[in-house]
Amino acid sequence: MTKFEIRGVRADVLIGADERQEILKGVDLTIDSGQTHAIMGPNGSGKSTLAYAIAGHPKYEITAGEVLLDGENVLEMSVDERARAGLFLAMQYPVEVPGVSMSNFLRSSVTAVRGEAPKLRQFSKELQGTMKDLSIEASFAARGVNEGFSGGEKKRHEILQLELLKPKMAILDETDSGLDVDALKVVSEGINRAKANSDVGIMLITHYTRILNYVKPDFVHVFADGRIAESGGPELADRLENEGYERFVKAGA
Ligand code: ADP
Ligand code: MG
Ligand code: MG
C-alpha cells in the first residue's frame, strides 16, 4: 500500500533573473495505490506547474508545503532517487538524446529503477511485446531517444516507459493531447494495463474529459487558479463535460 501526499504546496515559476510568479497557491491531494485521480481544469490554472514542481524542474520552486511518497520527502530526493522510490514523472525524461537508442535508454532506466540490469533477452522480449501492445513500430527501438518523435509517438513512449518501469505512483500530464481517437484508445489501454498489472496510483492531468471515457477515474479534481477548487467522483467529469469550466474561471481572467 503506497500513499502519495501533496500537502499545502505553493510554488513559483521563475521567469527571469529576478522575476517570479506564484502559480500554486496551496495544493492538497492524497493518492493511494490503485487509485486514479483525474486533475482537470482550465488552461493556465497551474496543472502542468504542479507536475513540473513535483518533478523538480529547475524553472519551478516550491516555496511551501511538502510532497511525500510513503512518508519520504520527495522534494529532498534527486531525480534518480525519485524514480528509484517508485515515482514516475513522464516529463522528467530527456527531451532528445541523439545517439542513444530507445532500447538502450529504456534498459538503463529499468536498470536504474530495479537496481539491477534485466537480462538482455528477457528485456528485449518484454520491450517488443509492450511496443506491440502500444502499436509502436519495431524499428522504434533502434531510434535515438525522442529524436524526431511526433507528438503521438512521444505519448506512446511515455506509456511504454510506464509499463516497463512499473512505478508505485505515476503523474501523467496531458497524455491525451494531440492524439486521434485510435491513438487515444491505444494509450488508454496501456494505462489500464499498467493499472491491472500493478497497484500503481495515477495522477492523470487532462484538460478534456475524453480520455476519462477510457481510463476510469476514481476521483476527479478541478484545478483553478493554482489550487484544487472542487473534488468529486467520476460524475464531476460528466458535469464538466456539460458545463465547461466557466464557473471556475474568475470574471475578467
Ligand atoms: P496548465 O497546465 O493548467 O494549463 P500551467 O501550469 O502550464 O497551466 O501554467 C500556469 C500559469 O503559469 C500560466 O499563467 C502560465 O503562463 C504560467 N507559467 C507556467 N510556466 C511558465 C514559464 N516557464 N514561464 C512563465 N510563465 C509560466
Ligand atoms: Mg488497480
Ligand atoms: Mg498543462
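Here, each number is a calculation from the coordinates, and none is a lab measurement. Please read these numbers as outputs of a predicted model, since none were measured by experiment. All Cβ positions, even for glycine, are placed from backbone atoms using ideal geometry, and neighbour counts span all protein chains on display.
For R20, list long-range residues whose amide hydrogen, built 1.01 Å from N in the peptide plane, is under 5 Å from its own amide hydrogen.
Residues meeting the criterion, in which the H sits 1.01 Å from N, are I15.
Which ordering of D176, D12, D70 is given by a fewest-first count of other beta-carbon atoms within 10 Å?
D70, D12, D176
Would you please give the residues with an amide H less than 5 Å from that of Y60, counting only those at least 5 places away or on a separate chain, with H modeled from the backbone geometry?
Result for Y60 returns L14.
Let me check I've understood the local charge: for D133, count other residues with C-beta under 9 angstrom from its C-beta, Lys and Arg +1, Asp and Glu -1. What total comes out?
Cβ neighbours under 9 Å give a net charge of 0.
Say each of R239 and D32 gets a label point 7 Å from the Cα, pointing the same way as Cα to Cβ; how far apart are those two points in nm?
2.3
With +1 on each Lys and Arg Cβ and -1 on each Asp and Glu Cβ, and nothing else charged, work out how big the dipole of the chain is about its Cα centre, in Debye to the nearest 20.
Magnitude of the dipole: close to 660 debye.
Using the Cα centre of the range 152-225 as the reference point, and only Cβ charges (+1 on K/R, -1 on D/E), how large is the resulting charge dipole? Debye, rounded to the nearest 20.
240
Between Y245, H207, I191, whose Cα lies farthest towards the positive end of the dipole of the chain when Lys and Arg beta carbons carry +1 and Asp and Glu beta carbons carry -1, centred on the Cα centre?
Value computed over the given set: I191.
Please rank K168, K3, fewest neighbouring Cβ atoms within 10 Å first, as an exposure proxy.
K3, K168
I need the shape label for the chain. Rule: rounded when a/c is under 1.5, else prolate if a/b > b/c, else oblate, with a, b, c from the alpha carbon gyration tensor.
It is prolate, given that a/c is not under 1.5 and a/b is the larger ratio.
To the nearest 500 deg cm²/dmol, what mean residue ellipticity at 222 nm is calculated for the chain from DSSP H runs of n ≥ 4 alone, each contributing -39,500 (n - 2.57), summed and divided by the residues?
-10500 deg cm²/dmol
Would you mind ranking D28, D18 so that the residue whose beta carbon has the fewest other beta carbons within 10 Å leads the list?
D18, D28
For the cross-link pairs K25/K47; K132/K166; K59/K216; K132/K155; K47/K132, which exceed 23 Å when the distance is taken from alpha carbon to alpha carbon?
Pairs exceeding 23 Å: K59/K216; K47/K132.
Between the range 1-38 and the range 172-248, what is the C-alpha centre distance in whole Å?
After rounding, the separation between the Cα centres reads 17 Å.
For the range 146-253, count the residues as N, evaluate 2.2 N^0.38 Å, and divide the Cα radius of gyration by that value, please.
1.14
If I take R0 = 35 Å and measure r between the Cβ atoms of V249 and K3 in this structure, what FRET efficiency does the formula 1/(1 + (r/R0)^6) give, to the nearest 0.05?
0.65
Under a plain spin-label model, where a point goes 7 Å from the Cα along Cα-to-Cβ, how far apart in nm are A196 and K154?
2.9
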